[in-house]
Structures are given as structure tokens and as C-alpha cells.
Amino acid sequence: LFTLPVRGSEGLYMVNGPPSFTESTAFQRDSGKNCKAVAFSKDGSLFAWCNGEKVNIVNVTNAVLLRSFDLPKTVGLEFSPKNNVLATWQAYTTAKDGTAGVPNLQLHELKTGKCLKSFIQKKMHNWCPCWADDESICARNVNNEVHFFENNNFNIIANKLHLQKVNDFVLSPGAQPTKVAVYVPGSKGAPSFVRLYQYPNFNGPQSALANKSFFKADKVTMLWNKKATAVLVIASTEVDKTGASYYGEQTLHYIATNGESAVVQLPKNGPIYDVVWNPNSVEFCAVYGFMPAKATVFNLKCDPVFDFGTGPRNAAYYSPHGHILVLAGFGNLRGQMEVWDVKNYKLISKPVASDSTYFAWCPDGEHIVTATCAPRLRVNNGYKIWHYTGSVLHSYEVPSNEEMWQVFWQPSLDGVFPAKAVKYQAVPSELPSAEPKPAQAYRPPALRNKPATSSKLHEDEPPQNMKPPGSSDKPLSKTALKNQRKHEAKKAAKQEAKADANQEPAQSSASQNAPRSTVPAVTSGDPEVDKKIKNLKKKLKAIEQLKEQAAAGKQLEKNQLEKIQKETALLQELEDLELGL
């Protein structure tokens, strides 16, 4: 049975997951309003929280208090993967006289309760050291280099990864050997790069498993797949220099541990909202492009496997077993969700969770929690538990004068819950379905009693298996996409040239007293000659305009008069060039 901790102004308490949804009696509600941090161990057996007085750790099944640490200002908590160490972080403070503050990142041994090591860690971003899943190594970024410790011995730095400026790193999940993805931002015209190493081979660039360099990156997000064979890198700039997007500019890169790398070609321009790996490690889904956004599943060759068309969405979530994919539009979108069966690419349900600020799959692969939390939204705080077929099984809204800050599932290890067959029939529920009333569009008084005409700002593109027959079903491969783009660019260039050629004779016939009006627009085979002819015609046209201005009584400048005198020479030159055809 699962529990969900709920943290807010009503305190911290545990709710039993499906099917009962009652408050857990084993865990004593902590009703203080100062609970700043909570954490589960990776296997879900231990739970820690800080209530503004102490950090407490309990065994989840029987709620027995295992340890207590006197660290009232803790705002960050994390267990190591095998529950040997608890990391705590408090905000770093310097003394009034400017002397260095005390170490604020502590690593505690859970068995004995003793503090293994304290570090000074000024920034909250990436405060927690990263462990390999078997805890054989632990790493942290210190002054732009990565320090590695082995077997939780934090007194000896076993290894260092030193590149010019390591901004970020991510350890691979799963069994040994552990791999490390590192990001080094570009400087002074040099590109940024992401490199993959296998621990502990860090000697020089030759020892790297793979390397991908790119421009246009102020920050990157690196995502390992579960089997640790590849990393997806979302590189983004803060500002889009073309002015096309408010969100800066993003590109998506693929890097494999066998040395292969590629830029993932996305068929629609615009921001990349979300990228997620399927837990099977052989596919990933990207949500991208100006609204309505496109969503596409790609394989390891970065070729599209399935295109979901366009819709109001900015996030994607695979279920823990990878058999269901939810595409959703949260944040500034209305909370529409599409639940897809990944194997058959069939739509299961389209629930709506309006005003949601949080979404998470339950480790059983059947249930989902969506929540509206403060401070992102201060009103209507609460959470809903759904079955993926679209039924709301439980709903809770906090009283209007209270806030909810966090709700999340108790985790569990892989393999605890077997994957079940996908259902399409909505699971029965006591609660009514959460369909919001469709908002009526504003209609001006003059149109109010007339039949409504539907007008859409844009038509949504349907998923590829729902397109009308005759339209091309298959998403284009990378090379086909490139060729299509080239072809389109060539076509546009041709049309432009045609338009230019058609424009010239039209202009010349407009000025009757120009002798060149009789010459039809012919192109020579030589683009250089064409260019010269075009320039000469341009100059002659300018002279025509000057003559008209002089006739209208305008006083011309000296250089303008000189231009008019050159007319005969230019006409002669033009004639020679055109006769040379």
C-alpha cells in the first residue's frame, strides 16, 4: 500500500494511497507550520522531514522514530541510494564581521547517527552530492571540478575530473561501471561541450567515451537513459537573437556512450518544452514548437517513430513501466491531458486537470496524482488521484484560508510492481468526472442571438495514425527532413528570382521615355552578368526619378546632377551587356 505525504500550512501528514485514501494513523501528524523539507529513501522504506526544530527519520511501515538530528534550519534533505547516508543542507551564512561561515552541508551515517563529513556548499542549486546506485562512488562539483569519493569515505578524494570549467555533471544510473556526463560552457568563441567518461578514466580528451560540442548554450539539461547507453542534452540560450521566441532558443542533442552523436532534427520551429526517455531506453519523446506544440517519439537513430500531431501541451510523462505516455498542458495551459497506449499508439483517455502545478505517476503504473500547490498558485490548493483511464478516484481541496505546498508518492524500487495490461474502459469511481465547464467565448451584443459560427485561430494537426487517407502517414527521417528543407529553400529562391525578373520589365514600361523599355527581360546563363544588368537597371531607374524631380522644379545637389550626366554611359554599357547575350 502506498502513502502520499502532504505538506502545507495544515502541517505534515500521510495519506494512504489507493484504494482507501484515508489519513495514515501510523504516522503522527506534525501540525507545525514550519515544515520546510521532506524526503523518502529510494526504496520508500524511510522518511525524513525537518519541522523547524529537528530533522526526524522514521521507518514508514510502523512509523518508529529511528534518528533525530538537531538541525532546525534544514531546507534540503536526501538519502543515499542504499540508505547508508542522509545528506542535509542549511542556507549558508557568513558571520557579521565577514569571516567565513560554518560548513552547512552535512553527511550523516544513518546506522550510528554520527556526522561523516561537513562541507561548505554556498549555492542551493545542485547542493546534494550524487551517488552511484550501489554507493561505490559519490561525487560533488567543487570550484569547477568534480571530486569523487569511494565507499562513503569522505576524508579522501579518490579522484578528480578537472576540465577548464565543469559547470554541471550527471552520473549514470544502474550498475557499474559508472559513467559521468560533464558539461563545460563555451568561452571566448570556443564552443560549449558535453563529454561522457567512464569512471575513473579521466586522462585527457582521448579517454572520453564521447564528445559533442555546440554553440548556442547558456545552460544545458543532461538526461541519461535508464540503461546508461545514451544522454540527451537540451541546450538553451537565455535570449533568442532572432527575436522569434520569448523563451530563448533550444536545441536537442543525442550522445551515445559508443561515441555516436547527433542533433535531433525537430520538424517544427519554436521552444523545446519537455524531453523524456521511455524507461525501455530505446525511445524518447519530445514536446516542441510554437503553440499548438508538436509531440514526437524518436528512436536511437533520432528518426521519428510516431508523431502525435499538434495540441495544447508542454509536458510528457512516461509511466514507470513505459507502457503509457501522458502528454499534458500545465502552467499557462488549461491542464488537458492525453493518455496514450505506447505499444499500439492508441488514445486511452483525455482527462482535464485544470490549474495543476504538479503531476506524478504512482510507481504501480496505474495511478496518477495532480496537484495545485502554493506558492505557484495561492488559491484552490489541493490534489486529485486519478486512474489513467480518466477516472478521478479521490479529490481533496484545502480550506480556503490554508495552503498546500507539496504532495508526492512514496517511491518503490523497480520490479516491485509487475506491468499490467493496458485498460481502455474507465475504472469505476464514486466521484464525478472532473470535466470543467467549457468557457463560453465572448460574443459582442450584436451577435448574441444569432447562430454561433465556430472560428478557430488554428487547426490542430491530428496524430499520424488519425490523418485522412492520402496524406503522408510516415514521419520523415532525418535525411528526408533535411532534403525537404533544402528543396523548400530552393523553391523559395527560384520564386524570388522569377518575381525579380517579372518586376524589371514592368518597371521599365512604366517610364515611357526610357529607351530600354523595348528590351524584354532575358537572363543570360551567367549569374555575374545578370547581376551587373540588374545593378545598371537600378541605377538608371534612380536617374529617371531624379530627372522627374528636376522637372517638378526641385533644386538638385551637385552629386545628383553628376549622376544624371552618367546616363548615356550607363545606357551604352547596358546595351553592350544585353547584346552580349
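The values are calculated or read from the model by the stated rules, or taken from the named source; none is laboratory data. Note that the structure is a prediction, hence the values are computed from the model and not measured. Neighbour counts are summed over all protein chains in view; Cβ atoms, including those assigned to glycine, are modelled from backbone coordinates with ideal geometry. Quick note on the areas: whole protein, heavy atoms, side chains included, nothing else; ligands and nucleic acids left out. Shrake-Rupley method; radii C 1.70, N 1.55, O 1.52, S 1.80 Å.
A few comments on the model shown:
- Condition check for K33: in contact (Cβ under 8 Å) with a residue 40 or more places away in the chain, surrounded by fewer than 20 Cβ atoms within 10 Å (Cβ to Cβ) and either touching a Phe, Trp or Tyr at 6+ places or on another chain (Cβ under 6 Å) or not in a strand (DSSP E or B) (or both): no
- Qualifying residue in region 348-358 (condition: within 25 Å of W49 (Cα to Cα) and of a type outside the set (G, A, S)): yes
- When T221 is tested against (1) in a strand (DSSP E or B); (2) among the hydroxyl-bearing types (S, T, Y); (3) over 22 Å from V287 (Cα atoms); (4) out of contact with any Leu (no Cβ under 7 Å at 6 or more places or on another chain), exactly one condition is not met: (3).
- Listed by first and then second residue, the pairs with beta-carbon distance under 7 Å, at least 6 apart or on different chains, first residue in region 215-241 and within 14 Å of V263 (Cα to Cα) and in contact (Cβ under 8 Å) with a residue 60 or more places away in the chain, second open to solvent by 10 Å² or more (accessible area, probe 1.4 Å) and outside any loop (DSSP other than H, G, I, E, B), are A230/Y254; V231/M222; V231/L223; V231/W224.
- Screening A328 against (1) open to solvent by 10 Å² or more (accessible area, probe 1.4 Å); (2) under 20 Å from F284 (Cα atoms) leaves a single unmet condition, (1).
- Residues in region 171-184 that are surrounded by fewer than 19 Cβ atoms within 10 Å (Cβ to Cβ) and either within 25 Å of S236 (Cβ to Cβ) or of a type in the set (F, W, Y) (or both): P173 only.
- Taken as a whole, region 21-28 holds at least one residue that is open to solvent by 60 Å² or more (accessible area, probe 1.4 Å), farther than 15 Å from I385 by Cα and assigned to a loop (DSSP other than H, G, I, E, B).
- Reported count of residues in region 1-14, each being over 24 Å from R67 (Cβ atoms) and either open to solvent by less than 40 Å² (accessible area, probe 1.4 Å) or β-branched (V, I, T) (or both), is 2.
- N151 open to solvent by 60 Å² or more (accessible area, probe 1.4 Å) and in contact (Cβ under 8 Å) with a residue 12 or more places away in the chain: yes
- Residue tally, condition in a loop (DSSP other than H, G, I, E, B) and crowded, with 18+ Cβ neighbours inside 10 Å, over region 358-379: 6
- Residue ID - farthest from T178 (Cα to Cα), chosen from residues in region 194-211 that are in contact with a strand residue (DSSP E or B) (Cβ under 6 Å, 6 or more places away or on another chain) and surrounded by fewer than 21 Cβ atoms within 10 Å (Cβ to Cβ): N211
- Residues being open to solvent by 10 Å² or more (accessible area, probe 1.4 Å) and of a type in the set (V, I, T) - total across region 312-325: 0
- The requirement of being within 58 Å of the chain's Cα centre (by Cα), at pLDDT 60 or above and in a loop (DSSP other than H, G, I, E, B) is satisfied by G525.
- Residues satisfying the stated conditions in region 314-334, i.e. more than 27 Å from F417 (Cβ to Cβ) and not hydrophobic (A, V, I, L, M, F, W, C): N314, G329, G331, N332, R334
- Residue count for region 247-281 under the criterion of being part of a loop (DSSP other than H, G, I, E, B) and buried (at least 17 other Cβ atoms within 10 Å of the Cβ): the result is 9.
- Residues located in region 76-103, provided they are open to solvent by 50 Å² or more (accessible area, probe 1.4 Å) and under 18 Å from N51 (Cβ atoms): E78, A91
- All positions within region 2-20 that are part of a loop (DSSP other than H, G, I, E, B) and among the hydrophobic types (A, V, I, L, M, F, W, C): F2
- Taking the criterion of being open to solvent by 30 Å² or more (accessible area, probe 1.4 Å), polar (S, T, N, Q) and either more than 18 Å from E283 (Cβ to Cβ) or within 19 Å of the chain's Cα centre (by Cα) (or both), the only residue of region 224-245 that qualifies is T242.
- Considering region 340-357, the residues that are charged (D, E, K, R) and over 22 Å from the mean Cα position of the chain (by Cα) include one that is least open to solvent (accessible area, probe 1.4 Å), namely D341.
- Region 128-148, residues that are farther than 20 Å from S41 by Cα, open to solvent by less than 10 Å² (accessible area, probe 1.4 Å) and among the β-branched types (V, I, T): V146
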